[in-house]
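One structure is given here, and the rest of the page talks about it.
The values are calculated or read from the model by the stated rules, or taken from the named source; none is laboratory data. Owing to the predicted nature of the structure, the values given are computational and were not obtained by experimental measurement. Backbone-built Cβ (ideal geometry, glycine too); neighbour counts: all protein chains shown. Surface areas here come from the heavy atoms of the whole protein model, side chains and all, with no ligands, DNA or RNA. Shrake-Rupley method; radii C 1.70, N 1.55, O 1.52, S 1.80 Å.
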Amino acid sequence: AETYDPSRYERPSVTVDVVIFTLQERELHVLLVKRKHWPHEGRWALPGGFINMDESLEQAARRELEEETGVRDIYLEQLYTFGEPRRDPRTRVISIAYIALVSADKQTLRASDESTDVRWFSLQKLPGTLAFDHDLILATGLDRLRSKLEYTTLAFQLLPEVFSILELKHIYEQILGEELDKGNFYRKIKDANVLEDTGMRREGRGRPTTLYRFRRNRGDEQFVFRWREARIVDDEG
């Protein structure tokens, strides 16, 4: 160990990038920043940046996120590592991506010295090709989000404290990008035993809507929601 000379080896740079989803106007959105500097000046990108030598990866992700967008105090989960040799024209850069779900109304956005703008974009209306390989990172994040719906209650982070079954169904449909059968969805969510009736009703046209909340005292109960069985399948297909 005493003869080890780190200067003999080339060192790749390491960055963190964060894929943050939210629900706005009943559509799934992702948070993007508009780059101010080369490379990809003027292009939209995921928030992120280079790690400091004295911080962990998650600390770097949280710091970059708050510096670039103002978003803070959220649950982050490591997504994947992206290391294609030519993904960044500056130098050899390896990026560790993180994924998060937030309620947009609980965050105040602001741009930084590194960006000229920061805003939420609907996944249906993205502003062209993203900088670097961020289209790939975003697609990977969406795939992870979809797969996690089967065994986690992640989607509940997009809901207000009190909600209807239809509002929950809509969130699942937005994330999955397809329609689910109302009866099957209702039955599977009931069987999952994650909701409790608040006793409140929302008045409207027709029958009052039952309002639920997420059961927090579930202990170690396993959440399983096989949403594929609730899909609306074309009879001819």
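Data overview
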quantity: Relative contact order for the stretch 13-150, counting Cα pairs under 8 Å that sit 6 or more residues apart, in percent; calculated: 34
quantity: Of 106/169; 125/190; 125/169, those spanning more than 28 Å from alpha-carbon to alpha-carbon; calculated: 125/190
quantity: The chain - share of DSSP beta bridges that are antiparallel (%, nearest 5); calculated: 75
quantity: Carbon and sulfur %, accessible surface of the stretch 154-214 computed with the full protein complex present, 1.4 Å; calculated: 45
quantity: Alpha carbon Rg of the stretch 12-119, scaled by the compact-globule rule 2.2 N^0.38 Å; calculated: 1.04
quantity: Rounded accessible area of residue 80 (nearest 10 Å², 1.4 Å probe); calculated: 130
quantity: Dipole magnitude of the chain, debye to nearest 20 (Cβ charges: Lys/Arg +1, Asp/Glu -1, about Cα centre); calculated: 640
quantity: Signed unit charges on C-beta, dipole axis of the stretch 154-214, positive-most listed residue 185, 154, 209; calculated: 209
quantity: Charge-dipole axis of the stretch 1-140 as Lys and Arg at +1 and Asp and Glu at -1 on Cβ define it, positive-most pick from 42, 102, 69; calculated: 42
quantity: Separation of the residue 66 and residue 25 label points, Cα + 7 Å toward Cβ, nm; calculated: 3.1
quantity: Nearest-10 value in Å² for the accessible area of residue 159, using the 1.4 Å probe; calculated: 20
quantity: Where Rh is the Kirkwood radius over Cα pairs, Rg/Rh for the stretch 60-156; calculated: 0.95
